[in-house]
Every structure is written in structure tokens, then in C-alpha cells.
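Please read the structure below before turning to the comments.
The values are calculated or read from the model by the stated rules, or taken from the named source; none is laboratory data. Everything quoted here is computed from the prediction, not taken from an experiment. Note that we place each Cβ from the backbone using ideal geometry, even for glycine, and neighbour counts take in every protein chain shown.
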Amino acid sequence: MRARLLIAFTLTLTVSFAWGKSAEEWINDEFTISTLSKKEQLEELEWFRRAAEPFKGMEIYVVSEPIDTHRYEANVLAKAFEDITGIKVSHEITSEDDVVRKLLSQIETSLNIYDAFISDSDLIGAHVRSGAIYPITDYIRGEGKEVTLPSLDLNDFIGLPFTTGPDGKVYQLPDQQFPSVYWYRHDWFTRPDFQERFRKLYGYELGVPLNWTAYEDIAEFFTVHVREIDGERVWGHMDYALNSPALGWRISDAWLSMAGMGDVGLPNGKPVDDWGIRVSGCRPVGASIERGGALDSPAAIYAIKKFVDWLRFAPPEARQLTDAAMGRWAASGKIAQQIFWYTAYIAQVTDPELPIVNEDGTPKWRIAPSPLGAYWDSGMKSGYQDAGSWTLTKNTPVDRRKAAWLYAQFTVSKTVSLKKTMVGLTPIRLSDINSTEMTERAPYLGGFVEFYRSRARNYWTPTGTNVPNYAKLSPLWWKHISLAVEGKQSVEQVMSNLAQSMDREMAVIAQEEPGPCSPKLNNKADKGFWISLPGAPKPKRNENPPGRTMSYEQAIKAWQ
């Protein structure tokens, strides 16, 4: 009898050790903040436990890019999910371009290596055309109905317009979001001596720049005229331009729309988007002006000329940096402003030990609306917003897809989403954005909360559905733009070649991926014909209007 009790006791210990913490323990230890009550959290986690019963003991494989949010998922949420459901998750972290390659490889080979992907919504154009992705709308109404969380609350997700196709279906479920906005040293901009010097030199107030003229003036002011602050060399601009895929993302991530190249419309311009691609209905018909596109238009040339020219106001190292390395420069205390700054770097600039943070933890920096180029028109998108989203492939076995869908929902569920938002600062739910906890943290985030509580979150958008195949077209950007950065070709020649390359690649896509929304290029026409029509491509404008600025307080109100 004692032997049987000892065996039973030993088995109980073994099971408890293997099983890990209970749902209640996870709530008390990790998910202490949530827009749900503790009772509601327990009910939600109990639903996951029951729904996962048929898949207990299974190991699933997912992959995502290396940002703090995904590291939290891989290191914490995967373990919590396993403890609660009995489903083990291998959550791989790899580079963004590798995620895309793995997704394409799985689609092309039909070999199921990963059961779900967190990939950028920038691929939405390919997803709606390929037929290889299981639209979330269809999934939750069909195969996944019984494993779809009752409290998922799709209407609470702020990024659904970014993952919705022309057919009205949601193709991907947002997992994290972050915009590229204007970042600057508020403490420097409000120094009376700098304000007076700037006013004497440029004839207007030093403040948040509203247009590219003002941004350029401020860049010159700090790089050329101020030069040093407290014995340290300072710079009026920061960017990155290493000849690598990251350079392509830097430009394709809405740089041309900030200049004003495309058409009015949200989340992307129609019929010409921020890649300069024109569509007719859902069919891409060209990127070059000759075919009705705008990639080699005056606005596009202006945008790239400014990008290249402004590097003279940045540290020399900028030409050899990628986005990841650039993120550390703001934290160094040597940069006055950045026109294009990913809020995914907020964690890097909030450490109280940094020279850009006050002793009480509040920032010396702020984020504000991005200054807009000379071709920008009211009603256009104002910048880029990344939206890494859960993506299900049709070639994943049914049971594995269901188990992966459970994990995907767990990582965005209301039980855990507020804590995940506070860790990674990549909010996806309106309820989290409007939470008391977010209000309390707002003074330490330099305008981040104000951005997400304003209409601005709808004007900073990812790549849209005009782009028929992101993976095939995106490499063209850096291969051509690098030639302008390195001075090997004029910007005019670079953009002409890039537009022609886009057209040629879309012609190939049309043959390889036929369908009702595949590319069908317009016949070439005189450039003057297309430029004479309303909208993009736009005729040449005054590219150096007077500089305009406003105070931070006014800029934040403008977001509203």
C-alpha cells in the first residue's frame, strides 16, 4: 500500500512538474494587467484549455521576426500556452527577410515546415492573389469555427483595414503594430538660445517641422551651425543607407507617399499607391509613367533626391548602417531629429540611464507627425505602419493549423494583450490603447500614446494590395536605390530603371500567376498624357516652399 502511494505521489509530482503553472498562477504572476477582470481572464483561459484538448501533446512550429514583442511571445507566452493547453510551441525568431523566404518556400513546395507565420501585412497583395493563404474570415466561419475564441473581438483590432483584401475578407490577424514617425530632441528644440539662433538664420520658429523644407533647415542648423552640445558632436539628421535589403524597406515603407507621390485614399492611394503602382480595378497596370504609374514621376525623383542629399547632415556612419543599427543612435544623445523613426525602438530610448531621459524617467525626446513633402495632398497616407500579422497557409494539415490558430489567438487575447503591449509597445487592440495603464504610462513615452489614441493611427499604413507580389518586387528597391546613394547613377536614371524593372517583373508575375487580379500592363503612352490627368503621376511643383513649423502641443492636436 505504501509502495502504491509512493508511486502515485511520484507520478503526481512528475505530472505537476511537466504541466507547469496553472492558468490562475499565470494570471497572478504574469498577466496582472488586462482590460478583462480576473474572472473573465480565467474564463478565457479555461476556454483555451478545453478547445486544446484534442491537440494536447502536439508540438507546433511558428516563426517571426526579431523584435521585443515576438521575443516576449517566444520566451513567455509560448510557455504559458503550453502550461495551460498542453500544446508545445517552438516559436522561432529570425530575420524579417528570412521569414518571407520561409513563407514563400512553404507555399511553393507545399511542404509544411511551419504551422503559422507572423509576417508583415505588406504581403497582403500576394496573399489575395495566390490562393495559398487561408483568409481568416473564411477560416473562422468554416474549419476553424470550433477553435475560434468567443472573446476574440475582431472589431477591437485597429489594424484590420491593413489585412483586408479588395474582396472584403480579412486575410491575416494583426499581432503587433508600430509606425515610422518623426522623432526629435524636445529639450534642444525648446532651448531659448537655439530658438533665437534658428530664428535669425531662417526667419521662422524652431519647432516640429510641417514640411520637408523646415526639416532640411533644422537638419542643417544642428549639423552645421550648432555642431556641438556639451562637448559632443551632434547631428541634425539620422538615417540608414547600407546597400542591403533594409535599404529597400526604408524606401518602400512609404517614403514616396510622405513626399506625396501617390493618390489620395486610405489605407493606400487609389488608383496609384505609395509604390507608384497603378491599378485598374484590382489589376496592377504599371509603375512607370508611360503605363500610368508614378515611380519615375517628378514626385518620386524629388523624394529620392532628398533622401540621398540629407545624408550629408547625418553621421558618416549612416551610409553603412541598417535599420537595426540606426536604432541605437537616437539613444546616444547625438541626434537632433529623425524624419523616419520606428516606434519599435521606444524600448531603446526609455532607459533612465540614457542621456536622453530625465531623472524622473520622462523623455527628453518626443515623437510627432512626420513632415510632408511638396507633392503631398490632404487625404493621402502620411507614413508607414508595420503590421506583423498571423498568417495561415492552406497546405498546413488541418489539426496542426487548428492548434497553431489557438496559439495565435492566445498571443492576442485580451487576457495577455495589454501586458504584451506594455512589453513591446506594439499595440493592436483599441481597448488596450484606451486602458488606464496606458494613460499612466503616456508621460514616459513621448507622444506614443497620443498617436495611437488619435486618427493618425489610420493615416500611417503598410504596403497595400496594389503590390501583386511583395517578395518578388521588393528586392528591386535596394538594388536600384543603392546606385543613387553611392553616386553611380543619377536619381533620374535610377528611378527610370526601377520603374521599368517593376513593369518587367509584373509582366512575369502575370504569366506565372494568372488570375482575375493578376497584373495586366497598360500599353505605353506619352508621359504627358498621364501627367495631364488629375492625381498621380503629378506634374512638377515648387519643391522648396517656405519652411513651416509648429509647437509640440500644436502638432499633437493636429493628430486629433
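Observations, loosely collected:
- Which listed residue is within 18 Å of G125 (Cα to Cα), under 18 Å from the mean Cα position of the chain (by Cα), part of a helix (DSSP H, G or I) and not aromatic (F, W, Y), from P174, P161: P161
- Odd one out for R504, checked against (1) modelled with pLDDT under 95; (2) surrounded by fewer than 22 Cβ atoms within 10 Å (Cβ to Cβ): (1)
- Residues in region 133-180 that are out of contact with any strand residue (DSSP E or B) (no Cβ under 8 Å at 6 or more places or on another chain) and of a type in the set (F, W, Y): Y139 alone.
- In summary, A294 fulfils each of the numbered conditions (1) assigned to a helix (DSSP H, G or I); (2) farther than 30 Å from I356 by Cα; (3) touching a Pro at 6+ places or on another chain (Cβ under 6 Å) with the single exception of condition (1).
- Residue in region 514-525 that is without any contact (Cβ under 8 Å) to a residue 40 or more places away in the chain and within 16 Å of V467 (Cα to Cα) present: yes
- Selected residue [out of contact with any Ser or Thr (no Cβ under 7 Å at 6 or more places or on another chain) and either small (G, A, S) or at pLDDT 95 or above (or both)] from G231, G236, G207: G231
- Top-ranked residue in region 369-380 [being in contact with a helix residue (DSSP H, G or I) (Cβ under 8 Å, 6 or more places away or on another chain) and at pLDDT 95 or above; ranked as farthest from K538 (Cα to Cα)]: P371
- Close pairs (6 angstrom Cβ cut-off, 6 or more residues apart or separate chains): closer than 15 Å to K472 by Cα in region 91-111, assigned to a strand (DSSP E or B) and among the polar types (S, T, N, Q) anywhere: V99/S119; L103/S119
- Residues of region 56-70 satisfying the condition of being surrounded by fewer than 19 Cβ atoms within 10 Å (Cβ to Cβ) and touching a residue at least 40 places away in the same chain (Cβ under 8 Å): M58, Y61, D68
- Complete set of residues in region 389-437 that are more than 24 Å from R457 (Cβ to Cβ) and in contact with a Lys or Arg (Cβ under 9 Å, 6 or more places away or on another chain): L392, T393, K394, R401
- Taken over region 228-258, residues that are β-branched (V, I, T), farther than 19 Å from D296 by Cβ and touching a residue at least 60 places away in the same chain (Cβ under 8 Å) amount to 1.
- Residues of region 238-281 classified as out of contact with any Lys or Arg (no Cβ under 8 Å at 6 or more places or on another chain), more than 17 Å from N466 (Cα to Cα) and not in a loop (DSSP other than H, G, I, E, B), total: 5
- Which listed residue, of K381, K419, is basic (K, R) and assigned to a loop (DSSP other than H, G, I, E, B): K381
- S151 being part of a helix (DSSP H, G or I), surrounded by fewer than 21 Cβ atoms within 10 Å (Cβ to Cβ) and either of a type outside the set (K, R) or in contact with a Gly (Cβ under 9 Å, 6 or more places away or on another chain) (or both): no
- Of the criteria (1) touching a Ser or Thr at 6+ places or on another chain (Cβ under 7 Å); (2) of a type outside the set (F, W, Y); (3) farther than 22 Å from A254 by Cβ, which one A499 fails: (3)
- Candidate set from region 462-482 (those that are among the β-branched types (V, I, T) and in contact with a Pro (Cβ under 9 Å, 6 or more places away or on another chain)); member that is surrounded by the fewest Cβ atoms within 10 Å (Cβ to Cβ): T465
- Enumeration of residues in region 51-76 that are over 23 Å from Q106 (Cβ atoms) and touching an Asp or Glu at 6+ places or on another chain (Cβ under 9 Å): A51, P54, V76
- K394 vs. criteria among the charged types (D, E, K, R) and crowded, with 17+ Cβ neighbours inside 10 Å: no
- Answer from S280, S288 - the residue that is under 17 Å from P166 (Cβ atoms) and at pLDDT 95 or above: S280
- As a summary of the residue check, A287 satisfies the conditions (1) among the small types (G, A, S); (2) in contact (Cβ under 8 Å) with a residue 60 or more places away in the chain; (3) closer than 30 Å to G231 by Cα except for the one numbered (3).
- Residue selected from region 182-228 under the condition β-branched (V, I, T) and assigned to a helix (DSSP H, G or I), by the criterion farthest from N544 (Cα to Cα): V226
- Number of positions in region 101-116 that are in contact with a strand residue (DSSP E or B) (Cβ under 8 Å, 6 or more places away or on another chain) and over 17 Å from E59 (Cα atoms): 4
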